[in-house]
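The values are calculated or read from the model by the stated rules, or taken from the named source; none is laboratory data. Just so we're clear, the structure is a prediction, and the values are computed from it rather than from any experiment. Quick reminder, even Gly has a Cβ in these numbers, built from the backbone with ideal geometry, and neighbours come from all protein chains shown.
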Amino acid sequence: MASGVTPTASSLVEIRGLCVDFPLSLGTIRAVNGVDLALPRGAVTALIGESGSGKTTVALAMLNLVANPGVIRSGSIRFEGRDVLALKGEALRQFRWREASLVFQAAQNCLNPIMAIGDQVVETFRAHGDARSDRELLREAAEYLTYVRLEPDRVLRCYPHELSGGMKQRVMIVFALLLKPKLLILDEPTTALDVITQDYIFDILVRIHREMGLTMLLLTHDIAIVSKVADVVGVMYAGSLVEVADVFTLFRHAGHPYTRQLLAAAPSLLDDPEDRHPIVGSPPDLLDLPRGCAFAPRCQHREACCAASPPPMVEVGQGHQARCFQANPGARAG
Amino acid sequence: MADRPTPVLELRDVDVTFVKPLGFLKPPLQIRALQGIALQVHPGEVLAVVGESGGGKTTLGNVVTGILKPTAGQVLFEGRDIASLDRKEQRAFRRQVQIVQQDAYAALNPMHTVAYSLATPMLRLGLVSSKAEARQRVIQTLELVELRPAGQYLDKYPHQLSGGQRQRILLGRAVSLAPKLIVADEPVSMIDVSLRVSALNLMRRLNRELNLSFVYVTHDLSTARYIGRDGRILVLYLGKVVETGDLPAVIGHPRHPYLQALLSSVPLPDPDLSRHRRKLNLKDVDMPSLVDPPPGCRFHTRCPFAAPLCRESEPALRQVGTSEVACHLAEQIPAWSLA
């Protein structure tokens, strides 16, 4: 299993020391705080974290899409070796969607309500300089629609309001795939969908991944979804990546107390309900982060050193890192 | 059940039909949102109502709280039909059945402080005689819903609180009116996973300590199982009950193929299991329209076990094992298990 942090020849995207700030009147929020992450080519990487943990901001930064007033303060993002943050104008516009596409949260709202799906397909191709005839473009879209098990003849003629939530979400996945990107970013792709539809959409995504060899980045707060889809998992807390591991290691031998408590907190059909424990305290105030480990105030294992300085990322095992003094006692000296 | 006390809430054969006029000459569109719903909630009991969107969960919640009058059937609160209550009794009923909404941000007035939002209903209903007493009760309520120290929350506005805290305020506002029943409609779906369990634990605590009954409406079987571990469950599909019984038994041994399909779609936090679990392959992922529900069993268009009988006759709810199931083939369908 390729490591999630250490860049290797096989990684499609390499993020180094990424910091994203949001200067607000009350102070500056550091939404992403020194994230190092590599997305292995052809794998599904998941970023998991609560709202406000910075996962969406990381994804937006990958497309150089951090919105005002957010600024990428420092760090580098390389996509197949190219510096994404240096891309300008037309080159940046073509990079987005052609190389890396994004399915937004509540993507249903991303469709134009007064245009038929087919017209939106053609518009998308045209905006990215495709000169083929409408018929050819629609035929290509139809293939993808069949792939996500929608009837192309009907759906291409439909307006968004004529489709159910699950159908619109599948249409959005088709849009994201239209220009054959190398990276597909999915931001909470199934919120607001029913369980059966959610499960079905993930089955489709797993198949797309397997058959097209697409690299995927999935952002979610639902740890159970991660277990089904992801190869590598990064756990985010208060803007920092606190743990990276392959999915099996993460669920069996989580190294960071936050990950362990997250696993013990989520109710599921498997557990003994008497055995669930909430994470005490509340998520940190990003305007007033603790000086040391951001999780320390909620951590059951905190020691004096945790409040003093932020812990470094420690190698716990093969391709497994955790940002915790406890993860490897040897790191405590610093 | 003859020896049990009067249920707090009872629904007898409740139908809700929404009628949409389509124009002068066309017959109006009839949407049968609920059909033949019967249920009982006893004092201190938790009833989880589950199903997908369009199943009728929210309509059921609205009927229970008296917001929506059923087209047919009766809603009984402590044995009395709520349609027959006079104005004064209506007021008492409204106080005793409280709602906790899904979107706590929308349910709290952004212009009012926590203290104001909590004190006003108590003053309005005459539960307290002075503003000073109301403030005292607000402090007690905040402590009851584990917002401590209470003084810190009194003068905050909703936007200054986290999602979990806002949900606690809503729960506090409901509990402060000394209700007998709380209808909670997806109360934790907007709270972060790490805080969900504590919100659910709080509801369980209130349920036990105050002997408060809950109708917990959700699409999330994991949280339903968590909060209703010694309660009951009612599964809705296109406005009808497909399975009901004691929650652990129903979830442990689901008999209706719809419930089996729901359960097999719930993500499991185990990479081995979730990658290799047995799937129930539905014939159609999308729910048919309520406007024109399928004839016979409403689930037959999606059911992998459907037989000719299912297309022709509508199955009635009947006792199968320990639960009640509306399926012709309940005895023949293979037993379902998690893996």
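Structure notes:
- One residue from B:Gln102, B:Gln98 being within 14 Å of chain A (Cβ to nearest Cβ), touching a Pro at 6+ places or on another chain (Cβ under 9 Å), buried (at least 18 other Cβ atoms within 10 Å of the Cβ) and not in a helix (DSSP H, G or I): B:Gln102
- Checked against (1) within 12 Å of another protein chain (Cβ to nearest Cβ); (2) without any contact (Cβ under 8 Å) to a residue 60 or more places away in the chain; (3) surrounded by fewer than 22 Cβ atoms within 10 Å (Cβ to Cβ); (4) outside any helix (DSSP H, G or I), B:Pro294 meets all criteria but (1).
- Filtered residue count, region B:151-174, keeping only those that are aliphatic (A, V, I, L, M), surrounded by 20 or more Cβ atoms within 10 Å (Cβ to Cβ) and more than 21 Å from the chain's Cα centre (by Cα): 1
- Residue tally, condition more than 8 Å from chain B (Cβ to nearest Cβ) and outside any loop (DSSP other than H, G, I, E, B), over region A:253-269: 5
- Top-ranked residue of region A:241-252 - restricted to ones that are assigned to a helix (DSSP H, G or I) and surrounded by fewer than 24 Cβ atoms within 10 Å (Cβ to Cβ), ranked as nearest to the chain's Cα centre (by Cα): A:Val247
- Condition broken by A:Ala294, with the remaining ones in (1) farther than 22 Å from A:Ala245 by Cα; (2) outside any helix (DSSP H, G or I) satisfied: (1)
- Residues that are more than 13 Å from the chain's Cα centre (by Cα) number at least 1 in the following strands (runs of 3 or more DSSP E) confined to region A:1-111: A:11-24, A:27-40, A:71-79.
- Contact map, region A:270-285: residues that are within 8 Å of chain B (Cβ to nearest Cβ) and in a loop (DSSP other than H, G, I, E, B) paired with residues that are surrounded by 13 or more Cβ atoms within 10 Å (Cβ to Cβ) and small (Gly, Ala, Ser), Cβ distance under 6 Å, separation 6+ or inter-chain. Pairs shown: A:His277/A:Ala264; A:Pro278/A:Ala265; A:Pro278/B:Ser198; A:Ile279/A:Ala265; A:Ile279/B:Ser194; A:Ser282/B:Ser162.
- Residues of region B:118-170 satisfying the condition of being in contact with a Lys or Arg (Cβ under 9 Å, 6 or more places away or on another chain), free of Cβ contacts under 8 Å to residues at least 24 places away in the same chain and part of a loop (DSSP other than H, G, I, E, B): B:Val128
- When B:Leu268 is tested against (1) under 26 Å from B:Leu34 (Cβ atoms); (2) buried (at least 17 other Cβ atoms within 10 Å of the Cβ), just one condition goes unmet, and that condition is (1).
- Qualifying residue in region A:24-45 (condition: of a type outside the set (Lys, Arg), under 27 Å from A:Tyr258 (Cα atoms) and touching a His at 6+ places or on another chain (Cβ under 8 Å)): yes
- Taken together, the residues in region B:250-270 that are more than 10 Å from chain A (Cβ to nearest Cβ) and not in a helix (DSSP H, G or I) amount to 4.
- Region B:220-249: number of residues that are part of a helix (DSSP H, G or I) and either under 20 Å from A:Asp199 (Cβ atoms) or within 12 Å of another protein chain (Cβ to nearest Cβ) (or both): 9
- Residue satisfying all of: in region B:203-219; of a type in the set (A, V, I, L, M) and surrounded by 20 or more Cβ atoms within 10 Å (Cβ to Cβ); nearest to A:Leu193 (Cα to Cα) among these: B:Val217
- Lone qualifier among A:Ala192, A:Ala230, A:Ala238 - being within 10 Å of chain B (Cβ to nearest Cβ), touching a residue at least 24 places away in the same chain (Cβ under 8 Å) and surrounded by 19 or more Cβ atoms within 10 Å (Cβ to Cβ): A:Ala230
- Selected residue (only one of A:Arg135, A:Arg170, A:Arg149 is surrounded by fewer than 21 Cβ atoms within 10 Å (Cβ to Cβ), of a type in the set (D, E, K, R) and either touching a residue at least 60 places away in the same chain (Cβ under 8 Å) or in a helix (DSSP H, G or I) (or both)): A:Arg135
- All positions within region B:176-219 that are at the interface with another protein chain (Cβ under 10 Å from one of its Cβ atoms), in contact (Cβ under 8 Å) with a residue 60 or more places away in the chain and closer than 22 Å to B:Ser264 by Cβ: B:Ser189, B:His219
- For first residues located in region B:56-70 and among the small types (Gly, Ala, Ser), partners that are in a helix (DSSP H, G or I) and lie 6+ apart or on another chain with Cβ distances below 6 Å form the pairs B:Gly66/B:Ile82.
- Filtering region A:150-175 to residues that are charged (D, E, K, R) and within 12 Å of A:Pro189 (Cβ to Cβ) leaves A:Lys168, A:Arg170.
- Annotation note: of B:Ala33, B:Ala48, the sole residue that is at pLDDT 95 or above, of a type outside the set (D, E, K, R), within 30 Å of B:Ser264 (Cβ to Cβ) and within 16 Å of the chain's Cα centre (by Cα) is B:Ala48.
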